[in-house]
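K.L.:
The structure is given below, and queries will be raised subsequently.
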Amino acid sequence: MELKNKRMEEGAFMARRAAVLAGWPTGAQVDLDEAIAYQKAIPMKKRFDVTLRDAAARQATLVQPRAGVPLIDRHIELLRHLETEGEADLLPTTIDSYTRLNRYEEAEHGIKESIAQSKAMLNGFPAVNHGVIGCRRVTEAVESPVQVRHGTPDARLLAEITLAGGFTSFEGGGISYNIPYVKNVPMDKTLADWQYVDRLTGYYEENGVSINREPFGPLTGTLVPPCVSHAVAVIEALLAAEQGVRGVTVGYGQCGNLTQDVAAVRALEKLTREYLARFGYDCEVTTVLHQWMGGFPQDESKAFAVISWGSAAAALARVTKVIVKTPHEAMGVPTKEANAQGLRCTKQMISMLADQQFSGGRALEEEIAIICEETRCILEKTLALGDGDLAVGTVRAFQAGVLDIPFAPSRVNAGKILPARDNQGAVRLLDTANLPFSESLKAFHREKIAERAKAEKRDVSFQMVIDDIYAISKGRLVGRPR
């Protein structure tokens with residue numbers, strides 16, 4: 001099937017569903033008409049889109065953790081703890097790695113091992129194996145809206161089962177759940193598979209059920225320049241809207257410089273609305289900031305400082321929600337108690353800053369302008385490469401290095417751009433590679449990196465990149481030579 005950015009016809013969509021649902025026995029539990037009726041009966045207070053719209057109207061910032069364990073009862077216990085002790089506004093169900101790769105037999109083995117050993121033998125919740133019935137046990141057991149968070153290049157069966165199971169938000173996209181996560185999956189395949197997910201979401205929308213969709217903003221989470229993550233977020237929002245999605249939450253991973261982070265969030269919302277309107281899509285837009293996704297200090301007290309800084313950035317940027325880290329981030333899977341601690345820390349900071357405004361002045365406005373200009377360069381070239389078709393253009397943009405995500409494992413990705421911090425800690429580009437920037441934008445990045453090199457009395461080099469990757473885990477933002 002030739003890839004095009006065109007809404008999938010209902011007949012073709014329904015014909016594809018039979019093969020998708022046959023991918024694992026629990027697919028037989030999905031009855032789309034019954035699932036729509038079930039979704040309509042979910043109380044408004046448990047609907048993700050309703051909660052997000054209300055928060056956006058109040059300019060409030062909601063808190064949401066990451067969390068998932070293999071067994072249903074334990075997962076319910078975990079979510080209830082985060083809801084009550086952690087004071088979470090929104091709840092996740094993080095999916096295990098086997099399910100993300102559609103390896104359901106191994107996920108089934110992980111469930112059995114978890115039961116036998118009385119401890120989690122998977123790093124998340126295997127929703128496909130638990131099926132619609134198991135998913136409904138989870139979503140019915142808590143009072144807050146619940147989202148599916150995963151990392152799946154082919155999420156078609158996962159989407160079918162979890163949406164029928166009562167989840168009201170589904171994360172991911174054809175770029176953001178391919179390039180940062182897997183090595184050998186072609187871009188045209190993931191875009192086509194995610195068209196299916198978005199068409200399924202659109203079908204629910206057309207039948208009176210609002211499902212929130214959230215592209216994964218941080219990508220690799222390692223020094224990703226805002227323009228790169230923003231271009232991906234806008235593309236995935238546009239591709240989703242074409243399939244009938246009516247509510248998107250676009251995301252950004254905290255970089256660490258407060259002015260840049262606030263500017264990035266504001267630029268992201270502005271650009272998403274701009275491009276949706278340009279192509280005639282009527283879509284609700286909300287925002288999410290992911291607290292620092294890179295290396296964390298092992299010391300819990302120092303980890304709380306990193307969490308607090310991300311909380312402050314989220315509050316001052318007025319994002320709709322923030323994805324919260326834990327003080328055990330450097331040590332592996334956190335306990336439910338540590339997860340709740342991160343949530344309460346974030347909630348306290350957001351409450352303290354609720355009445356304060358970030359007055360970034362000229363520096364903030366200049367940063368917003370730079371991010372918007374850079375992002376538009378990437379988006380316009382992507383559209384041009386596809387002769388106006390965004391899906392085709394996205395495939396070609398990765399082939400040309402016009403879209404390029406730093407430190408990604410995918411062979412589809414050029415991996416030629418090199419990010420590094422400037423002298424104030426904002427993420428810039430040491431090498432812009434094939435990004436379609438104007439000469440003035442390229443000069444801007446050269447000057448910012450050169451300014452830092454002069455201050456540190458060293459040459460511009462790849463060592464800066466390495467130093468910056470490890471800086472926060474060592475107690476600094478900028479990787480200065482010692």
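K.L.:
Exactly one condition in (1) more than 17 Å from ARG53 (Cα to Cα); (2) of a type outside the set (A, V, I, L, M); (3) buried (at least 24 other Cβ atoms within 10 Å of the Cβ) is false for PHE296; which is it?
P.N.:
The single condition PHE296 does not satisfy is (3).
K.L.:
Just one of ARG137, ARG149 is under 28 Å from GLU87 (Cβ atoms), charged (D, E, K, R) and surrounded by fewer than 21 Cβ atoms within 10 Å (Cβ to Cβ); which is it?
P.N.:
Result: ARG137 is the single residue among ARG137, ARG149 that is under 28 Å from GLU87 (Cβ atoms), charged (D, E, K, R) and surrounded by fewer than 21 Cβ atoms within 10 Å (Cβ to Cβ).
K.L.:
While we're on this one: When the residues of the range 432-474 are narrowed to those that are small (Gly, Ala, Ser) and farther than 18 Å from GLY221 by Cα, which ends up most open to solvent (accessible area, probe 1.4 Å)?
P.N.:
The selected residue is SER440.
K.L.:
Looking at (1) outside any strand (DSSP E or B); (2) touching a helix residue (DSSP H, G or I) at 6+ places or on another chain (Cβ under 7 Å); (3) within 22 Å of THR222 (Cα to Cα), find the lone condition where GLY310 falls short.
P.N.:
Of everything listed in (1) outside any strand (DSSP E or B); (2) touching a helix residue (DSSP H, G or I) at 6+ places or on another chain (Cβ under 7 Å); (3) within 22 Å of THR222 (Cα to Cα), GLY310 misses just condition (2).
K.L.:
Of all the helices (runs of 4 or more DSSP H) wholly in the range 44-101, which have at least 2 residues that are modelled with pLDDT of 95 or more and farther than 13 Å from ALA141 by Cα?
P.N.:
In the range 44-101, 48-58, 97-100 are the helices (runs of 4 or more DSSP H) which contain 2 or more residues that are modelled with pLDDT of 95 or more and farther than 13 Å from ALA141 by Cα.
Per-residue answers, yes or no, for (1) open to solvent by 10 Å² or more (accessible area, probe 1.4 Å); (2) of a type in the set (Phe, Trp, Tyr); (3) under 29 Å from LYS6 (Cβ atoms); (4) touching a residue at least 40 places away in the same chain (Cβ under 8 Å):
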{"position": "LEU271", "(1), (2), (3), (4)": "no, no, yes, yes"}
{"position": "GLU274", "(1), (2), (3), (4)": "yes, no, yes, no"}
{"position": "ALA277", "(1), (2), (3), (4)": "yes, no, yes, no"}
{"position": "GLN291", "(1), (2), (3), (4)": "no, no, no, yes"}
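K.L.:
Out of the residues in the range 146-193 that are in contact with a strand residue (DSSP E or B) (Cβ under 7 Å, 6 or more places away or on another chain) and part of a loop (DSSP other than H, G, I, E, B), which is farthest from ARG74 (Cα to Cα)?
P.N.:
THR168
K.L.:
Against the condition part of a loop (DSSP other than H, G, I, E, B), surrounded by fewer than 24 Cβ atoms within 10 Å (Cβ to Cβ) and over 16 Å from the mean Cα position of the chain (by Cα), how does VAL209 come out, does it pass?
P.N.:
The answer is yes for VAL209.
K.L.:
Name the residues in the range 212-225 that are out of contact with any Leu (no Cβ under 7 Å at 6 or more places or on another chain) and in a loop (DSSP other than H, G, I, E, B), would you?
P.N.:
Hits for the range 212-225 are PRO215, PHE216, GLY217, PRO218, LEU219, THR220, GLY221, THR222, LEU223, VAL224.
K.L.:
Considering every residue within the range 105-123, establish whether at least one is over 19 Å from ALA237 (Cβ atoms), within 21 Å of the chain's Cα centre (by Cα), of a type outside the set (Lys, Arg) and modelled with pLDDT of 95 or more.
P.N.:
yes
K.L.:
Would you please name the residue that is modelled with the highest pLDDT, looking only at residues in the range 1-15 that are under 15 Å from ASP188 (Cα atoms) and exposed (fewer than 10 other Cβ atoms within 10 Å of the Cβ)?
P.N.:
GLU2
K.L.:
Which residue pairs have Cβ atoms closer than 6 Å, lie 6 or more positions apart in sequence or on different chains, and pair a first residue in the range 48-73 that is surrounded by fewer than 18 Cβ atoms within 10 Å (Cβ to Cβ) with a second residue that is outside any helix (DSSP H, G or I)?
P.N.:
Cβ pairs passing all conditions: GLN59/ARG318.
K.L.:
Identify all residues within the range 345-395 that are under 23 Å from the mean Cα position of the chain (by Cα) and open to solvent by 60 Å² or more (accessible area, probe 1.4 Å); write none if there are none.
P.N.:
GLU373, ARG376, GLU380
K.L.:
Cβ-Cβ under 7 Å, sequence separation 6+ or interchain: first residue in the range 136-159 and touching a residue at least 60 places away in the same chain (Cβ under 8 Å) and among the polar types (S, T, N, Q), partner assigned to a helix (DSSP H, G or I) and buried (at least 22 other Cβ atoms within 10 Å of the Cβ). Which pairs?
P.N.:
So the pair list comes out as GLN147/PHE48.
K.L.:
Only one of PHE437, PHE462 is among the hydrophobic types (A, V, I, L, M, F, W, C) and under 21 Å from ILE371 (Cβ atoms); which?
P.N.:
PHE437
The values are calculated or read from the model by the stated rules, or taken from the named source; none is laboratory data. These numbers come from a predicted model, not from an experiment. Every residue, glycine as well, gets a Cβ built from its backbone with ideal geometry; the counts of neighbours run over all protein chains shown. Keep in mind that these areas ignore ligands, DNA and RNA; they rest on the heavy atoms of the full protein, side chains included. Shrake-Rupley method; radii C 1.70, N 1.55, O 1.52, S 1.80 Å.
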